[in-house]
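Worksheet: one structure, shown below.
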Amino acid sequence: MSFLSWGPAAVSPLAAPADDGPGNPWFSWQYVHDNADTIVAKLGFHAGITVETVLIALVVAVPLAVLAYWIRPLTGPILALSGVLYTIPSLALLALLAPLLGATNRVTVLIALVLYALLLVVRNALTGLTQVPAEVRDAAAGMGYSRFGRLWNVELPLALPGIVTGLRLATVSTVALVTIGAIIGNGGLGDLIMGGFWNNFYRAEIVTGTILCIALALVFDLALVGLGRLLTPWSRRRLA
């Protein structure tokens with residue numbers, strides 16, 4: 001299949017398409033029942049690649065934010081580079097990566113998603129670090145903390161709200177962007193959405209994929225809100 005082959009070949013076989021009219025409802029429990037295995041597989045792929053993307057972005061972005069925090073002249077280039085990557089249209093980025101990694105490779109989608117997530121995590125992590133009060137840093141230095149000790153024990157914990165905000169934005173954005181991978185057959189729930197259009201505008205397939213995509217984004221966002229509150233108990237006391 002060519003890279004931009006717009007057709008159902010990249011989509012797993014589902015229930016037969018329905019014509020427009022009463023036989024083509026916007027939602028159908030019968031469709032969900034008949035295609036439960038495929039739907040669960042697409043949902044699992046979507047959730048899995050989202051988690052992978054955010055974790056890789058976190059591992060790459062936080063050190064970049066720390067580097068920009070410690071060496072201020074690097075702040076502009078780091079933010080500019082991640083910003084340029086974020087502005088590349090998703091289809092164009094897939095097309096650029098395809099010759100290097102393969103046109104229908106899962107890794108192609110993963111790398112594209114990580115590049116998009118970097119800016120959101122880097123920017124918010126850097127914001128969190130720069131908002132650590134100067135007197136707190138001075139007090140930590142006065143207590144004998146080294147630069148790395150101060151970063152690990154004082155600055156990163158205080159920057160956690162900013163980091164979590166970046167993770168939330170990156171996660172919700174990634175859930176949406178994964179669907180673009182349907183173009184090369186690796187779009188998770190996007191395969192259902194695009195498959196519905198390919199299958200004679202099969203409404204039940206389109207709406208099922210859409211609802212699950214929105215629900216997945218909400219679940220991930222709420223989970224990160226809870227994680228943020230768990231990791232920053234002092235912020236809860238301050239709000240109380």
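The values are calculated or read from the model by the stated rules, or taken from the named source; none is laboratory data. In this text, all values refer to a predicted model and were calculated from it rather than measured experimentally. Positions of Cβ are generated from backbone atoms using ideal geometry, with glycine treated the same way; all protein chains shown enter the neighbour counts. Accessible surface is based on the protein model in full, side chains and every heavy atom, while ligands, DNA and RNA are left aside. Shrake-Rupley method; radii C 1.70, N 1.55, O 1.52, S 1.80 Å.
Could you say which residue among 47, 65 is crowded, with 20+ Cβ neighbours inside 10 Å and modelled with pLDDT of 95 or more?
Numbers: 47 fails: crowded, with 20+ Cβ neighbours inside 10 Å.
Only one candidate passes the filter, namely 65.
Answer yes if at least one residue in the range 70-80 is closer than 19 Å to residue 182 by Cβ and in a helix (DSSP H, G or I), and no otherwise. Write out each step before concluding.
Filtering the range 70-80 for residues closer than 19 Å to residue 182 by Cβ gives none.
No.
Determine, yes or no, whether residue 80 is surrounded by fewer than 16 Cβ atoms within 10 Å (Cβ to Cβ), hydrophobic (A, V, I, L, M, F, W, C) and at pLDDT 90 or above. Talk me through it step by step, then tell me what you get.
Numbers: surrounded by fewer than 16 Cβ atoms within 10 Å (Cβ to Cβ): yes; hydrophobic (A, V, I, L, M, F, W, C): yes; at pLDDT 90 or above: yes.
Spelling it out, residue 80 is indeed surrounded by fewer than 16 Cβ atoms within 10 Å (Cβ to Cβ), hydrophobic (A, V, I, L, M, F, W, C) and at pLDDT 90 or above.
Quick check, is residue 159 hydrophobic (A, V, I, L, M, F, W, C), open to solvent by less than 20 Å² (accessible area, probe 1.4 Å) and in contact (Cβ under 8 Å) with a residue 24 or more places away in the chain?
Against the criterion (hydrophobic (A, V, I, L, M, F, W, C), open to solvent by less than 20 Å² (accessible area, probe 1.4 Å) and in contact (Cβ under 8 Å) with a residue 24 or more places away in the chain), residue 159 qualifies.
Under the condition of being open to solvent by less than 30 Å² (accessible area, probe 1.4 Å) and among the acidic types (Asp, Glu), which residue from the range 190-232 is nearest to residue 55 (Cα to Cα)?
Checked the range 190-232; the qualifying residue nearest to residue 55 (Cα to Cα) is 191.
With the condition being among the polar types (S, T, N, Q) and modelled with pLDDT under 90, I'd like the helices (runs of 4 or more DSSP H) fully within the range 178-240 carrying at least 1 qualifying residues. Explain how you work it out, then say what you get.
Details: elements: 189-198, 203-231, 233-239.
The helices (runs of 4 or more DSSP H) meeting that bar are 233-239.
Report, by residue number, each residue of the range 204-237 that is under 21 Å from residue 163 (Cβ atoms) and without any contact (Cβ under 8 Å) to a residue 12 or more places away in the chain. Talk me through it step by step, then tell me what you get.
First pass over the range 204-237, keeping only residues under 21 Å from residue 163 (Cβ atoms): 217-237.
Within the range 204-237, 218, 219, 222, 223, 226, 229, 230, 233, 234, 236, 237 meet the criteria.
All but one of (1) at pLDDT below 70; (2) of a type outside the set (Gly, Ala, Ser); (3) under 24 Å from the mean Cα position of the chain (by Cα) hold for residue 17; state the number of the condition that does not hold.
Answer for residue 17: the failing condition is (3).
Taking the range 106-127 on its own, how many of its residues are without any contact (Cβ under 8 Å) to a residue 40 or more places away in the chain and more than 16 Å from the chain's Cα centre (by Cα)?
Result for the range 106-127: 1.
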